[in-house]
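The structure appears below as structure tokens.
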Amino acid sequence: MAEPACKKCGKPLEAEEIEYCGDCSRRKHAYIRGKAVFPYDGLMRASIARFKYRNRREYADFYAAELVKSCGDAARAWEADALIPIPLHRSRRRKRGFNQAELVARKAGKMLGIPVETGVLLRTKKTSPQKELNDTQRRANLKNAFQVRQNDVRLRKVILVDDIYTTGSTIDAAAAALLEHGVEKVYFLAICIGRGF
Ligand SMILES: [Zn+2]
């Protein structure tokens, strides 16, 4: 991802002199900071759509390699106990056959030497697709979408992994659930990040 980038969410910035994007200047996020590999442009939109909806699971190798290449140093410096892919609701996972974030997290985790934890964070609410909603609607849509299996949490620092970061509403909702259950610091890695918002 080309510099300059937002020091909080990693979104590409227009001007050199500002530290944070408009969204991060306005809003307090539940996570500490995050990084992404690609801007979510036309090319990546098509690529991610093939990955998710055309069953191109092999793309996970490329995404994970790029993720480690461009965000690996940052991820290692965060000294996280685990990577946690953003879970899908079980009905969506069944329909798609796989969780795209989990595929990438597993491959990246192997390369980074960070364990992947999929049993702690659960998506217990079926949410509408986020892409047609504005930011306020996205946050309402995700309210109580995630739950944490309490007794399993021995994790202090975690890195959430997702395919696309736009407003951060998904990462914030997942981070908030983890923070309520003993996790102290949450970071994120995303394959793509939107420019808007
Ligand atoms: Zn930002």
Flag for ILE114 being β-branched (Val, Ile, Thr), open to solvent by less than 40 Å² (accessible area, probe 1.4 Å), assigned to a loop (DSSP other than H, G, I, E, B) and at pLDDT 95 or above:
yes
Determine whether segment 32-49 contains at least one residue that is more than 16 Å from the chain's Cα centre (by Cα), crowded, with 16+ Cβ neighbours inside 10 Å, more than 16 Å from the ligand (Cβ to nearest atom) and assigned to a helix (DSSP H, G or I).
yes
Residue satisfying all of: in segment 114-167; out of contact with any Lys or Arg (no Cβ under 8 Å at 6 or more places or on another chain) and of a type in the set (Gly, Ala, Ser); nearest to ILE86 (Cα to Cα) among these:
SER128
Tally of residues being touching a residue at least 24 places away in the same chain (Cβ under 8 Å), open to solvent by 10 Å² or more (accessible area, probe 1.4 Å) and not charged (D, E, K, R) across segment 144-163
6
Those residues of segment 164-191 which are touching a residue at least 60 places away in the same chain (Cβ under 8 Å), open to solvent by less than 10 Å² (accessible area, probe 1.4 Å) and not in a helix (DSSP H, G or I), in sequence order
TYR165, THR167, GLY168, VAL186, PHE188, LEU189, ALA190, ILE191
Working carefully through the options ASN134, ASN55, ASN141, find the one that is at pLDDT below 95, among the polar types (S, T, N, Q) and open to solvent by less than 30 Å² (accessible area, probe 1.4 Å).
ASN141
Filter result for ARG26 (away from the ligand (no atom under 14 Å from the Cβ), among the charged types (D, E, K, R), on the phi < 0 side of the Ramachandran plot and open to solvent by 40 Å² or more (accessible area, probe 1.4 Å))
no
Note down all Cβ pairs under 6 Å where the first residue falls in segment 67-91 and is in a helix (DSSP H, G or I), the second is among the basic types (Lys, Arg) and open to solvent by 30 Å² or more (accessible area, probe 1.4 Å), and they're at least six residues apart or on different chains.
CYS71/LYS35; ALA74/LYS35
Working only within segment 12-23, note down all residues that are within 14 Å of the ligand (Cβ to nearest atom) and not in a helix (DSSP H, G or I).
PRO12, LEU13, GLU14, ALA15, ILE18, GLU19, TYR20, CYS21
For segment 1-11, which residues satisfy the criterion of being open to solvent by 20 Å² or more (accessible area, probe 1.4 Å) and within 10 Å of the ligand (Cβ to nearest atom)?
ALA5, LYS7, LYS8
Hey, can you tell me all the residues within segment 1-31 that are aliphatic (A, V, I, L, M) and touching a helix residue (DSSP H, G or I) at 6+ places or on another chain (Cβ under 9 Å)?
MET1, ILE18, ALA30
With the condition kept exactly as written, say whether any residue in segment 18-27 is among the aliphatic types (A, V, I, L, M) and either closer than 24 Å to ALA173 by Cα or modelled with pLDDT of 95 or more (or both).
no
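The values are calculated or read from the model by the stated rules, or taken from the named source; none is laboratory data. These numbers were taken from a predicted model, which means no experiment stands behind them. Reconstructed Cβ throughout: ideal geometry from the backbone, glycine too, with neighbour counts over all protein chains shown. Ligands, DNA and RNA are excluded from the accessible area calculation, which covers all protein heavy atoms including side chains. Shrake-Rupley method; radii C 1.70, N 1.55, O 1.52, S 1.80 Å.
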